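Student: The structure follows.
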Amino acid sequence: MSTASSGRRGQSIVAERSLFWGLAALLTLIAIVPIGRLLVEGVLPGGTPGPGPFRRVLADPATWVALGHTLWVSLAAMMISGLVGGAMALVVALTDLPAKRLAVFGFVMLLMVPSQITTIAWIELLGPSSALLHLVGLAPAPGTRHPLYSATGITVLLGLEHAPLVFLGLRTALRSLPGDLIEAARASGARPARVVRTIIVPLMGPSLIAGMALAFVSNIGNFGTPALLGIPARFSMLTTLIYQRLSGFGPRVLSEVAVLSLVLGMIAIVGVLVESWLAGRRDVRVDGAAATPVRLSLGAWRGPVILLVWGFLAATLLVPLSALLATALVKAYGQPFGLATATLDNFRFILFEHPAARRAVANSFVLATAAAILLFLAAVPVAYFAVWRGRRLMRALVLATELSYALPGVVLAIAAILIFIRPVLGLSLYNTLGIILIAYLARFFTLAQRPVAAAFRQLDIRLEEAAQMSGAGFARRVLTVALPLVAPAAAAGALLVFLTAFNELTVSALLWSAGHETLGVVVFSLEQAGDNTLAAAIASLTVAATVGLMAVASLLARNLNHPVLPWQA
């Protein structure tokens with residue numbers, strides 16, 4: 001081997017090791033350090049050992065009330081998600097329902113439209129000032145208590161919002177059903193309903209449990225719906241209690257808020273562990289695989305099922321969003337929507353005259369773009385080391401980021417405040433967009449990494465080995481072999497990050513400051529302040545942007561060999 005080639009090989013090894021340890025440090029920073037900082041603050045408040053914060057939090061009756069509310073609302077909403085998402089998955093994956101792609105797109109929109117906007121849409125639909133119900137004479141009498149300002153309202157909306165989580169997990173499992181078992185049962189005279197009840201449902205048990213557990217974890221971490229519906233009703237949950245404590249008392253209650261965040265985080269972790277334990281206790285493996293997708297004919301039920309599916313989507317998506325748009329188009333809140341009251345002034349004011357809204361759009365765009373680009377750049381080499389190279393440390397750190405993603409956003413926000421409230425290396429990020437960006441990187445890394453990891457698993461590692469045997473160094477192999485092959489999946493993942501970050505509220509609700517508002521914060525603040533028509537206007541624009549971005553992401557990912565976006569059929 002020549003001296004020159006030996007030198008290039010040494011430089012390649014150094015570059016590979018440097019990148020590996022740099023990525024390991026990054027993942028440690030965003031996945032492990034925040035939780036460690038929360039633990040330290042709970043045990044050593046202000047650097048002084050003592051059980052004071054734990055004692056004060058656990059002795060406060062408000063903690064136990066909020067904890068009880070969080071648990072039973074989340075469990076009840078989980079059951080709703082399981083019923084709705086499970087039924088939708090069975091219909092979409094196993095039957096000859098027409099227009100499946102459009103139905104899946106609409107159903108997943110329940111999850112992709114920000115929680116606070118979905119809630120505002122329902123508030124504007126069912127309230128006494130509903131512009132849409134006034135139009136048809138069905139609005140409740142003025143002064144009537146809003147029916148959604150209650151535990152029931154929170155439970156139902158959370159159940160609907162997170163039903164797609166159950167649907168997505170169950171639909172994937174239904175695709176791999178053993179077709180021979182289904183055909184054998186049907187050949188024996190079993191009707192479709194009995195096939196579903198005796199074969200499909202038992203086989204899908206673990207996937208159903210996993211999806212419901214994910215819905216439960218999402219319920220306990222949700223902020224927008226409990227805040228918009230629970231605060232007016234004086235119904236507290238842990239996320240809203242943390243928000244109110246920090247908003248009302250500021251940094252001097254950080255230790256107590258850190259303890260509340262740890263309690264919330266432990267519930268999330270327990271939910272994930274229970275899901276793993278329950279799924280592991282049920283062995284439903286079967287021999288054989290479906291050569292072709294299982295299709296059960298709806299037969300005489302075709303018409304009623306089509307009416308039920310599209311009626312559900314219309315009632316839960318189209319009608320509330322129409323009420324939101326109607327509220328945005330009226331001159332004054334409480335007026336019925338019509339030609340005499342219609343106006344575009346609310347949109348004009350939001351777009352051109354409302355300084356906070358204009359800043360929020362710019363801030364959210366910058367934050368979402370930066371998060372998408374940075375996570376795109378990090379996800380490809382991380383997946384390369386974790387999947388193709390099989391590095392155990394990288395796999396462990398990726399698993400840690402998955403757990404970090406499962407934790408409620410308010411927990412991550414409190415951890416970010418604790419880390420950056422004092423300058424780090426002479427740089428202060430508190431009350432800047434920088435602290436929100438770092439929290440976004442920690443929160444959404446998993447969204448960027450999952451599609452890339454799935455793409456790497458579909459590729460033959462011998463492609464890289466051939467390049468290496470041809471003398472290509474590490475950087476060249478990654479840039480010319482790995483990156484072009486996984487770029488479409490990485491781009492789709494980055495767009496998913498952008499879409500999620502652009503509409504985010506749970507993290508930024510605790511991290512924003514004057515001049516550094518995000519879109520979710522402005523929508524939430526306008527609704528809380530009673531500026532309903534303006535809140536509806538900016539929320540309607542956000543929904544339009546969400547649908548447009550989902551469509552763009554679908555175009556980017558349509559030529560991939562495997563689906564990487566949640567709403568892909």
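The values are calculated or read from the model by the stated rules, or taken from the named source; none is laboratory data. The shown structure was predicted, so the numbers you read here are calculated from the model rather than taken from an experiment. Virtual Cβ from ideal backbone geometry, glycine too; neighbours counted across all protein chains shown.
Student: Cβ-Cβ below 6 Å, separation at least six or inter-chain, first residue in the range 444-459 and assigned by TED's automatic domain parsing to the domain that holds Ala383, second of a type in the set (A, V, I, L, M, F, W, C) and not in a helix (DSSP H, G or I): which pairs?
Tutor: Pro451/Val564
Student: Then there's this: Among the residues in the range 58-66, are any at pLDDT 85 or above and crowded, with 19+ Cβ neighbours inside 10 Å?
Tutor: yes
Here's the yes/no breakdown for (1) buried (at least 24 other Cβ atoms within 10 Å of the Cβ); (2) of a type outside the set (Asp, Glu); (3) not in a helix (DSSP H, G or I):
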{"position": "Thr119", "(1), (2), (3)": "yes, yes, no"}
{"position": "Ala141", "(1), (2), (3)": "no, yes, yes"}
{"position": "His146", "(1), (2), (3)": "no, yes, yes"}
{"position": "Gly153", "(1), (2), (3)": "no, yes, no"}
{"position": "Leu158", "(1), (2), (3)": "yes, yes, no"}
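Student: Select, from Thr155, Thr119, the only residue that is at pLDDT 90 or above, polar (S, T, N, Q), assigned by TED's automatic domain parsing to the domain that holds Ala215 and within 20 Å of Ala536 (Cα to Cα).
Tutor: Unique residue meeting the criteria: Thr119.
Student: With among the β-branched types (Val, Ile, Thr), surrounded by 15 or more Cβ atoms within 10 Å (Cβ to Cβ), farther than 30 Å from Ala501 by Cβ and more than 26 Å from the chain's Cα centre (by Cα) as the only criterion, which of Val43, Val136, Val91 stands out?
Tutor: Answer to the selection: Val43.
Student: I want to confirm something. Restricting to the range 307-330 and keeping residues that are in contact (Cβ under 8 Å) with a residue 40 or more places away in the chain and over 23 Å from Met112 (Cα atoms), which single residue is surrounded by the most Cβ atoms within 10 Å (Cβ to Cβ)?
Tutor: Val330
Student: Name the pairs: first residue in the range 375-402 and assigned by TED's automatic domain parsing to the domain that holds Ala439 and in contact (Cβ under 8 Å) with a residue 60 or more places away in the chain, second residue hydroxyl-bearing (Ser, Thr, Tyr) and buried (at least 21 other Cβ atoms within 10 Å of the Cβ), Cβ to Cβ under 6 Å, at least 6 apart or on different chains?
Tutor: Correct list of pairs: Thr401/Thr446.
Student: Also, I was wondering about something else. Can you say whether Leu71 is of a type in the set (A, V, I, L, M, F, W, C), more than 30 Å from Met394 (Cβ to Cβ), surrounded by 14 or more Cβ atoms within 10 Å (Cβ to Cβ) and in contact with a strand residue (DSSP E or B) (Cβ under 7 Å, 6 or more places away or on another chain), as far as the supplied structure shows?
Tutor: No; evaluated as a whole, the condition is false for this residue.
Student: Still on this structure: Say whether the condition of being out of contact with any Lys or Arg (no Cβ under 8 Å at 6 or more places or on another chain), surrounded by 18 or more Cβ atoms within 10 Å (Cβ to Cβ), farther than 28 Å from Leu565 by Cα and modelled with pLDDT under 85 is met by at least one residue in the range 165-184.
Tutor: yes
Student: Of the residues Ala342, Ala360, which single one is touching a residue at least 12 places away in the same chain (Cβ under 8 Å), hydrophobic (A, V, I, L, M, F, W, C) and either buried (at least 21 other Cβ atoms within 10 Å of the Cβ) or assigned by TED's automatic domain parsing to the domain that holds Leu27 (or both)?
Tutor: When all the criteria are applied, what remains is Ala360.
Student: Let me ask another. Where in the range 484-566 are there helices (runs of 4 or more DSSP H), lying wholly inside it, with at least 1 residues that are modelled with pLDDT of 90 or more and touching a strand residue (DSSP E or B) at 6+ places or on another chain (Cβ under 6 Å)?
Tutor: Of the helices (runs of 4 or more DSSP H) lying wholly inside the range 484-566, none has at least 1 residues that are modelled with pLDDT of 90 or more and touching a strand residue (DSSP E or B) at 6+ places or on another chain (Cβ under 6 Å).
Student: In the range 197-225, what residues are farther than 30 Å from Thr240 by Cα and in a helix (DSSP H, G or I)?
Tutor: Hits for the range 197-225 are Arg197, Thr198, Ile199, Ile200, Val201, Pro202, Leu203, Gly205, Pro206, Ser207.
Student: Being of a type in the set (Ser, Thr, Tyr) and at pLDDT below 85, is that true of even one residue in the range 14-23?
Tutor: yes
Student: Report yes if some residue within the range 120-131 is charged (D, E, K, R) and touching a residue at least 24 places away in the same chain (Cβ under 8 Å); otherwise report no.
Tutor: Looking for residues that are charged (D, E, K, R) and touching a residue at least 24 places away in the same chain (Cβ under 8 Å), one finds at least one in the range 120-131, hence yes.
Student: In the range 505-543, how many residues are within 14 Å of Ile435 (Cα to Cα) and among the acidic types (Asp, Glu)?
Tutor: 1
Student: Filter the range 531-550 for residues that are in contact (Cβ under 8 Å) with a residue 24 or more places away in the chain and under 18 Å from Glu353 (Cα atoms) and give the result.
Tutor: Within the range 531-550, Asn532, Thr533, Leu534, Ala535, Ala536, Ala537, Ile538, Ala539, Ser540, Leu541, Thr542 meet the criteria.
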